[in-house]
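Below is one structure, written out as C-alpha cells, with a few remarks after it.
Only the coordinates and a few stated rules stand behind these numbers; no lab work does. Worth saying up front: this structure is predicted, and the values here are computed from it rather than measured. Using ideal geometry, Cβ is built from the backbone for each residue, glycine included, and neighbour counts are taken over all protein chains shown.
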Amino acid sequence: MRLLGVVGSLRADSHNRRLLRAAADELPPDVELVVFDKLKAVEPFDETDERSSGGGLPGADTFLEAIREADAVLFVTPEYNGSTPGVLKNAVDWASRPTPATSALAGKPVAAIGASTGMFGATWAQAELRKSLGLAGARVLDAELAVPEVEQAFSADGRLTRRATRRRLREILTALTGEVSHERNVS
C-alpha cells in the first residue's frame, strides 16, 4: 500500500516535516510512505492555465500524479494566521479540479494532522484543510492529531516523546490504511 505524505511547510526541518517522519515510524509494515517534496514547485492555481481534464502546468501535474499513484494521502499542516498555509491550499485547489467527482482526490482516503508551537497544535488549520479536502471530493478521515508546543514533542533523534501522541498517530494511520483495505475488500 502506498501512502503519500504531503507537508504544508516548505522548510526542510520544519516541525511538521518532523511529524511526518515520526508517522513513518508508526506505519503498519505493509505500508510504503512516499513523501511529496515538490510542493514549492506547484504553480499558483489559475483557471486559465488549466486543461479541461485538470492540471496543465508541470508542478501541478506532478502533484496530481503523486496523488493518483497513492492509495491514501496524509497531509501534515502547520497553522499560518489561524489557517492552512497558502502553498498547501493552492495545491489542494489544483487537486480539486476539474470537478470534485473527477478530481485526483475523488474518493481518495485522506487524513490531516498537524503541529504548532502554540497551545492548539494547528487545530484550526486541520479543520480548514479537512473542509477543503472534503469539498475537493476526498474521503476525509474524521480524526485529528494536534501536536501543541511542538518544540517539546520530539527527542534529539526526532522521535515523538509523548506516548499519547504516538498512540494517537498510530490510531489515525491504522484507520487511514484501513479505509484502503476496506475499499479493496469491497471492490
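Considering each residue of segment 99-108 in turn, at least one proves to be surrounded by 18 or more Cβ atoms within 10 Å (Cβ to Cβ), touching a residue at least 40 places away in the same chain (Cβ under 8 Å), under 29 Å from D49 (Cβ atoms) and touching a strand residue (DSSP E or B) at 6+ places or on another chain (Cβ under 7 Å). Can you tell me which residue within segment 45-63, out of those that are touching a helix residue (DSSP H, G or I) at 6+ places or on another chain (Cβ under 6 Å) and either in a loop (DSSP other than H, G, I, E, B) or touching a residue at least 24 places away in the same chain (Cβ under 8 Å) (or both), is nearest to L173 (Cα to Cα)? Of everything passing the filter in segment 45-63, F63 is nearest to L173 (Cα to Cα).
Just so you know, in segment 12-36 the residues that are among the hydrophobic types (A, V, I, L, M, F, W, C) and closer than 19 Å to E171 by Cβ include one that is surrounded by the most Cβ atoms within 10 Å (Cβ to Cβ), and it is L19. If only one of V87, V73 is within 16 Å of the chain's Cα centre (by Cα), among the β-branched types (V, I, T), buried (at least 20 other Cβ atoms within 10 Å of the Cβ) and within 20 Å of Q126 (Cβ to Cβ), which one is it? Answer to the selection: V73. Please work out which residue is farthest from S14 (Cα to Cα), limiting yourself to segment 109-162 and to residues that are of a type in the set (D, E) and part of a loop (DSSP other than H, G, I, E, B). Going through the qualifying residues, I end up with D142.
Condition check ((1) in contact with a Leu (Cβ under 7 Å, 6 or more places away or on another chain); (2) within 20 Å of A22 (Cβ to Cβ)) across all residues:
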residue: R97; (1), (2): no, no
residue: G121; (1), (2): no, yes
residue: L145; (1), (2): yes, yes
residue: V150; (1), (2): no, yes
residue: D157; (1), (2): no, yes
